[in-house]
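Everything on this sheet refers to the single structure shown next.
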Amino acid sequence: MELTTLHLAKQNFKFSSAHFLIFDDHKAEMLHGHNYQVKVDIVCPPAEDFPQDGYFIDFNVLKKQIKSRLDQWDEHILLPSQHKDMKYKISLDGKNYEVHFRDRFYSLPLSEVIWLELTNTSVEQLSSLLAHDFFHSFKKIGVRKVRVTVEETRGQSASTLVKD
């Protein structure tokens, strides 16, 4: 059986976000940011299942969905809601998150923070979250597999493959 993979690595598949990586029970990075770049590989159904015009899907359909999802994280602080040492509540005035991480305290505007269902905001976990999201969305149109690569700096990335 022949399978075709679509490769999408557009210049605008990016998001700029702040985060910090948690290494162990004592060490974590300082809050800092990256200009993340994302690549998405999509394994199509067999070619005999393509429409008669010989292509699986208009790239623009996929590009819009990918870009829209990445824009949600752009210019935000990404924090892992599932880490055991991450504690937060909304301030009394309702405008900020009061975040406690070990001996650190941050007061951050509600609109600038995204809490991710992760234990760490590593490229490994970010690529996994995006790969699962994209696969769930694209599976409806017959996609067999999705691989997402998240690069935090040139030459430093992780990728996750999701399939049925």
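What follows draws every value from the coordinates through simple rules; no lab data is involved. What you are looking at is a predicted structure, and each value in this text was computed from that prediction instead of being measured. FYI the Cβ positions are ideal-geometry reconstructions off the backbone, even for glycines, and counts take in every protein chain you see.
Listing for the model above:
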{"quantity": "Total residues in region 71-94, condition loosely packed, with under 12 Cβ neighbours inside 10 Å, in a loop (DSSP other than H, G, I, E, B) and not acidic (Asp, Glu)", "calculated": "4"}
{"quantity": "Subset of region 1-11 [in a strand (DSSP E or B) and surrounded by 14 or more Cβ atoms within 10 Å (Cβ to Cβ)]", "calculated": "LEU6, LEU8"}
{"quantity": "Search result, residues across region 108-119 that are in a strand (DSSP E or B) and out of contact with any His (no Cβ under 8 Å at 6 or more places or on another chain)", "calculated": "LEU108, PRO109, TRP115, LEU116"}
{"quantity": "Selected residue [in contact (Cβ under 8 Å) with a residue 40 or more places away in the chain and on the phi > 0 side of the Ramachandran plot] from ARG102, ARG69", "calculated": "ARG102"}
{"quantity": "Qualifying positions in region 12-63 - touching a Lys or Arg at 6+ places or on another chain (Cβ under 8 Å), part of a loop (DSSP other than H, G, I, E, B) and surrounded by 14 or more Cβ atoms within 10 Å (Cβ to Cβ)", "calculated": "PHE13, CYS44, PRO45"}
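Here is a yes/no grid of residues against (1) assigned to a strand (DSSP E or B); (2) small (Gly, Ala, Ser); (3) closer than 21 Å to ASN35 by Cβ:
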residue	(1), (2), (3)
TYR106	yes, no, no
THR121	no, no, yes
GLN125	no, no, yes
PHE138	no, no, no
VAL146	yes, no, no
